[in-house]
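**Q** Structure provided below as structure tokens; questions to follow.
The values are calculated or read from the model by the stated rules, or taken from the named source; none is laboratory data. Fair warning: this is a prediction, and the values are worked out from it, not measured in the lab. All Cβ positions, even for glycine, are placed from backbone atoms using ideal geometry, and neighbour counts span all protein chains on display.
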Amino acid sequence: MSLLSVDAAFALLMEGAAAIEGTESLALHDAHGRILAADLVALRTQPAFAASAMDGYALRAADADATLVPLSVIGESAAGRAFNGSLGPGEAVRIFTGAPVPAGADAILIQENADRLSPDKVLPLEPAVTGRHIRKAGADFSAGDVLLEGSTRLTAGAVALAASGGYPRVTVRRRPRVAILATGDELVLPGESVGPSQIVASNSYGVTAMVAATGAEALDYGIAHDDAEEIGGFLDRARAENVDIFVTIGGASVGDHDLVGQVFASRGVALDFWKVAMRPGKPLMAGRFGPMRLVGLPGNPASSMVAATLFLKPLVAALAGFPRIPIYRDAVLGADMPENDLRADFIRARLGHSHAVTPIVTPFGRQDSSLLSIYAHADVLLLREPFAPAAKAGDPCRYIVLD
């Protein structure tokens, strides 16, 4: 299978990628970050009554016309404890922020503009204006209004709005189920004894974190040895467990011990591509096994994380129901760059700012695909297109944010 460009491989990966079917009902406390399955319609009106926006006195504006005539204070209205009567000419009700405005009142005189002469007398010191400092019933929303449209991601503000609209629970889209399997005889789990020919498995932890943050249910399948039957068993398990995306890490190249491609072929997996013209991350594969998507990530740490950022993360987002957004942003180079070869380079870099509006992207000096420390300290991936000519500091460039 020939080497594909990044754009061509991405187009093949994302073909037909849409929000998966299925919904679930969640308590509002558990719904942050999820995607609404349908429009959320207000069950109540907010505020349900005309309410005071300030501490002061509810009165008739005509009675506070700067004639320095005291008014009779006939009661008090506080949040949760409304004044149940009605005021008439020459009367006022002490009122606090959020409290219902009593019948007969059409204005709020703030307490700084009033002189409390006695427990039952108040003197307006400034004119009152009809409607001022009164929040009308339904000023925020009314029962039947669409509070949030379907496909909305529930941010903290959206969760608060749903609660205000009367919802203790909401119906959200089912999260994609993503199984992540690290492969390799050399791998051991963090905390385990590391032999002389072994390394600690780290990629699966980063990929799992990325998948979960993108809106999926991440299933850690652990580590598989370099054994075709064992890897195939995990593939069969993923299919039996209705996994939406099966992700392997390592074993995606063409060496004697790189078995993932062989296992996929033996199971009849239809590969969309294998090997992409990118650096790092060239030995990347993707395919389909019935309704299940498969993504084979390279084993080198930076290669694995870069490939997951460019391919796996957008695929998860699409299946979760997030809208597609451009991932590239504009900046200027913070250092000179040599000309590039036939592969797109995704260079680990730092994002900085000067007094200018355009951000500055400065690459790290070391870019080896085995260096996880460089990746972990990078803010962005600087894109160098295939066959890009040499560039100078200050020249325009594009980058992808790492988060």
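**Q** Starting from the range 162-185, take each residue that is free of Cβ contacts under 8 Å to residues at least 40 places away in the same chain and buried (at least 22 other Cβ atoms within 10 Å of the Cβ) and list its partners that are among the hydrophobic types (A, V, I, L, M, F, W, C) and assigned to a strand (DSSP E or B), counting only C-beta distances under 7 angstrom and pairs at least six apart or across chains.
**A** From residues that are free of Cβ contacts under 8 Å to residues at least 40 places away in the same chain and buried (at least 22 other Cβ atoms within 10 Å of the Cβ), there are no pairs.
**Q** May I pose another question? Which count do you get for residues in the range 29-56 that are in a loop (DSSP other than H, G, I, E, B) and under 16 Å from the mean Cα position of the chain (by Cα)?
**A** 4
Here's the yes/no breakdown for (1) outside any strand (DSSP E or B); (2) without any contact (Cβ under 8 Å) to a residue 40 or more places away in the chain:
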| site | (1), (2) |
| --- | --- |
| S197 | yes, yes |
| Y205 | yes, yes |
| D220 | no, no |
| F234 | yes, no |
| V243 | yes, no |
| V247 | no, no |
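**Q** Among L68, L26, L109, which is the only one that is outside any loop (DSSP other than H, G, I, E, B), in contact with a strand residue (DSSP E or B) (Cβ under 7 Å, 6 or more places away or on another chain) and more than 30 Å from E217 (Cα to Cα)?
**A** L109 is the lone residue from the list that is outside any loop (DSSP other than H, G, I, E, B), in contact with a strand residue (DSSP E or B) (Cβ under 7 Å, 6 or more places away or on another chain) and more than 30 Å from E217 (Cα to Cα).
**Q** Working carefully through the options G33, G16, find the one that is surrounded by 13 or more Cβ atoms within 10 Å (Cβ to Cβ), modelled with pLDDT under 95 and at positive phi.
**A** Every option except G33 fails the conditions.
**Q** Testing A270 on (1) in contact with a strand residue (DSSP E or B) (Cβ under 6 Å, 6 or more places away or on another chain); (2) buried (at least 16 other Cβ atoms within 10 Å of the Cβ), one condition comes back false. Which one is that?
**A** (2)
**Q** Does L371 qualify as being in contact (Cβ under 8 Å) with a residue 12 or more places away in the chain, surrounded by fewer than 18 Cβ atoms within 10 Å (Cβ to Cβ) and not small (G, A, S)?
**A** Here the answer is yes, as L371 does meet what is asked.
**Q** State which residue pairs qualify: first residue in a strand (DSSP E or B) and inside the range 112-132, second residue of a type in the set (K, R) and surrounded by 12 or more Cβ atoms within 10 Å (Cβ to Cβ) in any location, beta carbons under 6 Å apart, and separation of 6 or more residues or different chains.
**A** If the second residue must be of a type in the set (K, R) and surrounded by 12 or more Cβ atoms within 10 Å (Cβ to Cβ), the pairs left are V122/R116.
**Q** When residues of the range 149-172 are filtered for being within 19 Å of P47 (Cβ to Cβ) and either modelled with pLDDT under 95 or touching an Asp or Glu at 6+ places or on another chain (Cβ under 8 Å) (or both), how many remain?
**A** Residues that pass the stated criteria total 1.
**Q** Follow-up. Just give me the residues in the range 173-219 being at pLDDT 95 or above and of a type in the set (D, E, K, R), in sequence order.
**A** If the condition is that a residue be at pLDDT 95 or above and of a type in the set (D, E, K, R), then R173, R174, R175, R177, E217 are the ones that fit.
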